[in-house]
Amino acid sequence: MQGLEKSFKQLKVLRGVDIDVARGSIFALLGSNGAGKTTVVKILSTLLKADTGTARVNGFDVVTQAADVRESISLTGQFAAVDEILSGRENLVLVARLRHLEDPGTIADDLLRRFSLTEAGSRRVATYSGGMRRRLDIAMSLIGSPPVVFLDEPTTGLDPEARLEVWQAVKELAQGGTTVLLTTQYLDEAEQLADRIAILHEGRIIVNGTLDELKQLLPPAEVEYVEKQPTLEDVFLTLVGARTDSARTDGEQR
């Protein structure tokens, strides 16, 4: 995309945004709330038209070839778009049928296995945890094998374990050749997942590069020998894992 600008009445949301995403990579668009991340995704997914500038997705112009763009992409928003009344498998089968794909049952079973949801596949989604719903949501977005996937703040509101589950799912997408554009306000998320990172601030890209390139923008770190203390995430995952293992052992003994 080049020179994207978008205003809502007197509010300028995008002020000339340039981004180039390599095929099969994970590109993270960082920014605080209101920076314009979701506006960029809506323009690229043909849900919104830019005031000026051009954008191409999978080689197609988002304005003149909008139908081709829509066939090439999948969009996962900030909240899981799943039907809680249906089971996980039924959600997947429904989307496969809507896309007029052959053998929707096999497609659903393959995705359940890929996202470690096979055992929960027959359960109603209302019983799923936040991480399971998000993984199902991402699985639904892959039906039809779109070459480009937009993930708009995919881990918002998730607990630490669920975030790690989603991170693993996103990594597997890129390993399978899917191009991922990820928007997030979590710095650690971009650090863990992205091949390249751009920071959007007040409607402009202020920096764009790999993690190593961005780190070089700061003065070299001073080397100090300190005792490494566990992070809160380390404590949480260790305790939760210990409780889970203990509960499984007790269950087996009974």
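In a residue-by-residue description of region 12-19, the property of being surrounded by 13 or more Cβ atoms within 10 Å (Cβ to Cβ) and part of a loop (DSSP other than H, G, I, E, B) applies to at least one position. Residues of region 26-43 include at least one that is in a loop (DSSP other than H, G, I, E, B), in contact (Cβ under 8 Å) with a residue 60 or more places away in the chain and surrounded by fewer than 19 Cβ atoms within 10 Å (Cβ to Cβ). For region 126-147, which positions are crowded, with 20+ Cβ neighbours inside 10 Å and touching a strand residue (DSSP E or B) at 6+ places or on another chain (Cβ under 9 Å)? Those that are crowded, with 20+ Cβ neighbours inside 10 Å and touching a strand residue (DSSP E or B) at 6+ places or on another chain (Cβ under 9 Å): Arg134, Asp137, Ile138, Met140, Ser141, Leu142, Ile143. Leu48 meets all of the listed conditions (1) closer than 28 Å to Gly176 by Cβ; (2) in contact with a helix residue (DSSP H, G or I) (Cβ under 6 Å, 6 or more places away or on another chain) but one, namely (1). In the set (1) more than 14 Å from Val82 (Cα to Cα); (2) without any contact (Cβ under 8 Å) to a residue 40 or more places away in the chain; (3) hydrophobic (A, V, I, L, M, F, W, C), the condition left unmet by Val93 is number (1).
Restricted to region 148-187, and to residues that are in a helix (DSSP H, G or I), out of contact with any Leu (no Cβ under 9 Å at 6 or more places or on another chain) and modelled with pLDDT of 85 or more, which residue is surrounded by the fewest Cβ atoms within 10 Å (Cβ to Cβ)? Residue satisfying both the conditions and the ranking: Gln175.
Just to check your reading of the model, which residue among Leu200, Leu214 is in a helix (DSSP H, G or I) and modelled with pLDDT of 85 or more? Residue meeting the stated conditions: Leu214.
Regarding Thr64, is this residue among the hydroxyl-bearing types (Ser, Thr, Tyr) and within 15 Å of Phe150 (Cβ to Cβ)?
Judged against the criteria, Thr64 is not a match.
Just one of (1) touching a residue at least 40 places away in the same chain (Cβ under 8 Å); (2) touching a helix residue (DSSP H, G or I) at 6+ places or on another chain (Cβ under 7 Å); (3) closer than 28 Å to Lys37 by Cα fails for Arg135. It is (1).
The values are calculated or read from the model by the stated rules, or taken from the named source; none is laboratory data. This one's a predicted model, so the numbers in the text were calculated from it and none came from an experiment. FYI the Cβ positions are ideal-geometry reconstructions off the backbone, even for glycines, and counts take in every protein chain you see.
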